[in-house]
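J.: Pasting in a structure now, in structure tokens, and then I'll have a few things to ask.
The values are calculated or read from the model by the stated rules, or taken from the named source; none is laboratory data. As the structure is a prediction and not an experimental result, all values here were calculated from the model. Glycine also receives a Cβ, built like all others from the backbone with ideal geometry; neighbour counts cover every protein chain displayed. With ligands, DNA and RNA removed, areas are computed over all heavy atoms of the protein, side chains included. Shrake-Rupley method; radii C 1.70, N 1.55, O 1.52, S 1.80 Å.
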Amino acid sequence: MAPKVSTAATKAALLEAAREEFAAYGVAGARVDRIAERAGVNKERIYGHFGSKEKLFDEVIKEALDDLTAQMALPGADPVDYVAKLADYYHTHPDLVRLLMWEALNYRGQDLLAGQEARVERCARKAASLAEGAGEEPSAKTARTLFMLTGLALFPAMMPQLGRIILGEDADDHAALRDQVAAFVAAGLGSRPDVPA
């Protein structure tokens, strides 16, 4: 008789398989059968653990963002270093980039995303860290700066085809691109005293 697989191990296998499937196909294109096959379980386990394909996607996003948060320090007083490290993270985790793009396409126009409260709190901590590093109180301006820093770090990984069109072979030089994004941030924040540095 084969050993019984633990519930936690089954759930972990489903999340890993679902992350690959959702990154490749999005919510609409992902297939429960393929996720179950990759995880080596019956597809009914997906419904038993998560309730629906959409809720499974939400859990995959949550886990991916939890991993990002665990590995990235708050921006603090060095937003240039923060954006460089964030660019590195997105470069080495293209599945997260694709998941975020699929989420934006799938949930466009909806007021609340699953787990939005926790995500809002996480971003508020980042904005507060950025403001504190600049010796300021958190504000809408600080939040906008955080949003722009995140976008700058994310863009090269999000639009590699545009990078290849504009940069040609140089699009593959991640270090040069990351360093230029960081230099752009340094110049932008250093030349505008009204923006948190």
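J.: Identify the residue in the range 61-88 that is in a helix (DSSP H, G or I) and among the small types (Gly, Ala, Ser) and, among all such residues, is surrounded by the most Cβ atoms within 10 Å (Cβ to Cβ).
T.: Ala87
J.: Restricting to the range 28-60, name every residue that is assigned to a helix (DSSP H, G or I) and open to solvent by less than 10 Å² (accessible area, probe 1.4 Å).
T.: Result: Ile35, Ala36, Ile46, Leu56, Phe57, Val60.
J.: Would you mind stating whether Tyr82 is hydroxyl-bearing (Ser, Thr, Tyr), under 13 Å from His174 (Cα atoms) and touching a helix residue (DSSP H, G or I) at 6+ places or on another chain (Cβ under 8 Å)?
T.: In short, no.
J.: Any residue in the range 42-57 that is within 11 Å of the chain's Cα centre (by Cα) and within 21 Å of Gly26 (Cβ to Cβ)?
T.: no
J.: Still on this structure: Within the range 51-93, how many residues are of a type in the set (S, T, N, Q) and farther than 22 Å from Ala182 by Cα?
T.: As a first pass, look at the range 51-93 and keep what is of a type in the set (S, T, N, Q): 52, 69, 71, 92.
Add one more test, that the residue is farther than 22 Å from Ala182 by Cα, and what stays is 52.
So the count comes out to 1.
Every residue, every condition in (1) touching an Asp or Glu at 6+ places or on another chain (Cβ under 8 Å); (2) part of a helix (DSSP H, G or I); (3) farther than 16 Å from Glu63 by Cα, yes or no:
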{"site": "Leu105", "(1), (2), (3)": "no, yes, yes"}
{"site": "Leu113", "(1), (2), (3)": "yes, no, no"}
{"site": "Arg122", "(1), (2), (3)": "no, yes, no"}
{"site": "Ala128", "(1), (2), (3)": "no, yes, yes"}
{"site": "Glu137", "(1), (2), (3)": "no, no, yes"}
{"site": "Phe147", "(1), (2), (3)": "no, yes, yes"}
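J.: Additional query: Of everything in the range 110-121 that's at pLDDT below 80 and more than 21 Å from Leu154 (Cβ to Cβ), which residue is surrounded by the fewest Cβ atoms within 10 Å (Cβ to Cβ)?
T.: My answer is Asp111.
J.: Quick check, is Arg164 touching a residue at least 40 places away in the same chain (Cβ under 8 Å), more than 13 Å from Pro79 (Cβ to Cβ), charged (D, E, K, R) and not in a loop (DSSP other than H, G, I, E, B)?
T.: Values: touching a residue at least 40 places away in the same chain (Cβ under 8 Å): no; more than 13 Å from Pro79 (Cβ to Cβ): yes; charged (D, E, K, R): yes; not in a loop (DSSP other than H, G, I, E, B): yes.
When the stated conditions are applied, Arg164 does not pass them.
J.: In the range 70-125, which residues are among the charged types (D, E, K, R) and under 14 Å from the mean Cα position of the chain (by Cα)? Working first, answer last.
T.: Of the residues in the range 70-125, the ones among the charged types (D, E, K, R) are 78, 81, 85, 88, 95, 98, 103, 108, 111, 117, 119, 121-122, 125.
Residues satisfying the conditions are Lys85, Asp88, Asp95, Arg98, Glu103, Arg119, Arg122.
J.: Here is a follow-up. Just a yes or no: is a residue in the range 7-17 at negative phi, assigned to a helix (DSSP H, G or I), basic (Lys, Arg) and touching a residue at least 24 places away in the same chain (Cβ under 8 Å)?
T.: Residues of the range 7-17 at negative phi: 7-17.
With the extra rule that they be assigned to a helix (DSSP H, G or I), the set shrinks to 7-17.
Imposing the further condition that a residue be basic (Lys, Arg) reduces the set to 11.
Applying the additional criterion that residues be touching a residue at least 24 places away in the same chain (Cβ under 8 Å) yields 11.
Yes, the range 7-17 contains a residue that is at negative phi, assigned to a helix (DSSP H, G or I), basic (Lys, Arg) and touching a residue at least 24 places away in the same chain (Cβ under 8 Å).
J.: Which members of the range 131-147 meet the condition of being more than 17 Å from Val80 (Cα to Cα) and over 24 Å from the mean Cα position of the chain (by Cα)?
T.: Scanning the range 131-147 gives Glu136, Glu137.
J.: A further question follows. On the given criteria, is Val97 within 30 Å of Lys53 (Cα to Cα) and surrounded by 18 or more Cβ atoms within 10 Å (Cβ to Cβ)?
T.: Spelling it out, Val97 is indeed within 30 Å of Lys53 (Cα to Cα) and surrounded by 18 or more Cβ atoms within 10 Å (Cβ to Cβ).
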